[in-house]
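S.K.: One structure, as structure tokens, below. Some questions next.
The values are calculated or read from the model by the stated rules, or taken from the named source; none is laboratory data. Owing to the predicted nature of the structure, the values given are computational and were not obtained by experimental measurement. Every residue, glycine as well, gets a Cβ built from its backbone with ideal geometry; the counts of neighbours run over all protein chains shown.
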Ligand SMILES: [Zn+2]
């Protein structure tokens, strides 16, 4: 390349870099100006299972606990960007029991710890992240289960409809009240459990491992939650 062309090329790259930095700072300024208020809710994110309790095993042999943690971390990042305080019941592949000498007793202790974390958090809203599994590989789609506490049904219904629209068009899955799940029956705040998809369906399992799909899923959850909470 001739020397003058090289200088021209360098000037072009520098100009582009400066413009990108300017636009970037503008975007940050706009976002921070959009958030002059303090959010009154703290979102407690619960990546289901963990440690010796791996949950369901996917059709590719992966443990449900890993999908739950990856999606929960992305949701945590996104909610911070939206200005929310968050708390995660676990941030690594662990069970959070404090007592117990058998797997069953450790599981009970783990669930009690999760309930304690939720119920001791002021202004908590609870989101538990899980994955579904069924013997028939045809079934797919996210499904939302809601607690009996105030605001849970409305949040569950809205999340279900937004997830269907954005991720599972044509799905006729409906949100449902949850029963027989210790954690969901003992929380005192608004709470939902989201089964993000079926680990028994090869196409959906591949999506649930995909970073872009996880981001899309979290965008739907984060935007819906933010919209619902701003109404309360
Ligand atoms: Zn699960």
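S.K.: Condition first: in a strand (DSSP E or B) and either touching a strand residue (DSSP E or B) at 6+ places or on another chain (Cβ under 7 Å) or not assigned by TED's automatic domain parsing to the domain that holds residue 202 (or both). Now tell me which residues in the stretch 48-88 satisfy that.
M.R.: Taking the stretch 48-88 as the starting set, the residues that turn out to be in a strand (DSSP E or B) are 50, 53, 57, 63, 85-88.
Once the filter is applied, which keeps residues that are in a strand (DSSP E or B) and either touching a strand residue (DSSP E or B) at 6+ places or on another chain (Cβ under 7 Å) or not assigned by TED's automatic domain parsing to the domain that holds residue 202 (or both), the stretch 48-88 yields 57, 63, 85, 86, 87, 88.
S.K.: Of all residues in the stretch 188-206, which are more than 16 Å from the ligand (Cβ to nearest atom) and under 28 Å from residue 229 (Cα atoms)? Write out each step before concluding.
M.R.: Taking the stretch 188-206 as the starting set, the residues that turn out to be more than 16 Å from the ligand (Cβ to nearest atom) are 188-190, 202-203, 206.
Selection gives 188, 189, 190.
S.K.: Hand me the list of helices (runs of 4 or more DSSP H) wholly inside the stretch 116-232 holding 3 or more residues that are over 20 Å from residue 82 (Cα atoms) and without any contact (Cβ under 8 Å) to a residue 40 or more places away in the chain. Let's see the steps before the verdict.
M.R.: Values: elements: 152-167, 182-186, 202-209, 211-230.
Output list reads 152-167.
S.K.: If residue 105 satisfies every condition in (1) in a helix (DSSP H, G or I); (2) over 21 Å from residue 218 (Cβ atoms); (3) modelled with pLDDT of 95 or more but one, which is the exception?
M.R.: That leaves (3) as the condition not met.
S.K.: Can you tell me how many residues within the stretch 43-62 are surrounded by 18 or more Cβ atoms within 10 Å (Cβ to Cβ), near the ligand (Cβ under 10 Å from one of its atoms) and under 21 Å from residue 202 (Cβ atoms)?
M.R.: Here the count works out to 2.
S.K.: Consider the stretch 167-180. How many of its residues are touching a helix residue (DSSP H, G or I) at 6+ places or on another chain (Cβ under 9 Å) and over 21 Å from residue 221 (Cα atoms)?
M.R.: 1
S.K.: Right, another one. What are the pairs with Cβ atoms under 7 angstrom where one residue, in the stretch 43-69, is in contact (Cβ under 8 Å) with a residue 40 or more places away in the chain and farther than 14 Å from residue 91 by Cβ and the other, located anywhere, is away from the ligand (no atom under 13 Å from the Cβ) and in a strand (DSSP E or B)? Sequence gap at least six, or different chains.
M.R.: Going by the 7 Å Cβ cut-off, the qualifying pairs are 43/86; 43/125; 43/127.
S.K.: Whether any residue in the stretch 197-205 is touching a strand residue (DSSP E or B) at 6+ places or on another chain (Cβ under 8 Å) and more than 30 Å from residue 109 (Cβ to Cβ) is what I want to check. Steps first, please.
M.R.: Step one: of the stretch 197-205, the residues touching a strand residue (DSSP E or B) at 6+ places or on another chain (Cβ under 8 Å) are 197-200, 204-205.
In the following step, the residues that additionally are more than 30 Å from residue 109 (Cβ to Cβ) were identified as 204-205.
Yes, some residue in the stretch 197-205 is touching a strand residue (DSSP E or B) at 6+ places or on another chain (Cβ under 8 Å) and more than 30 Å from residue 109 (Cβ to Cβ).
S.K.: I've got another one for you. Kindly provide the set of residues from the stretch 136-159 that are over 18 Å from residue 43 (Cα atoms) and either within 16 Å of the ligand (Cβ to nearest atom) or crowded, with 19+ Cβ neighbours inside 10 Å (or both), ordered by number.
M.R.: 139, 140, 141, 142, 143 - these are the residues of the stretch 136-159 that are over 18 Å from residue 43 (Cα atoms) and either within 16 Å of the ligand (Cβ to nearest atom) or crowded, with 19+ Cβ neighbours inside 10 Å (or both).
S.K.: Please determine whether any residue of the stretch 63-74 is within 17 Å of residue 193 (Cα to Cα) and away from the ligand (no atom under 16 Å from the Cβ). First the steps, then the outcome.
M.R.: Taking the stretch 63-74 as the starting set, the residues that turn out to be within 17 Å of residue 193 (Cα to Cα) are 64-74.
Next cut, away from the ligand (no atom under 16 Å from the Cβ) only: 73-74.
So far as the stretch 63-74 goes, yes, one or more of its residues are within 17 Å of residue 193 (Cα to Cα) and away from the ligand (no atom under 16 Å from the Cβ).
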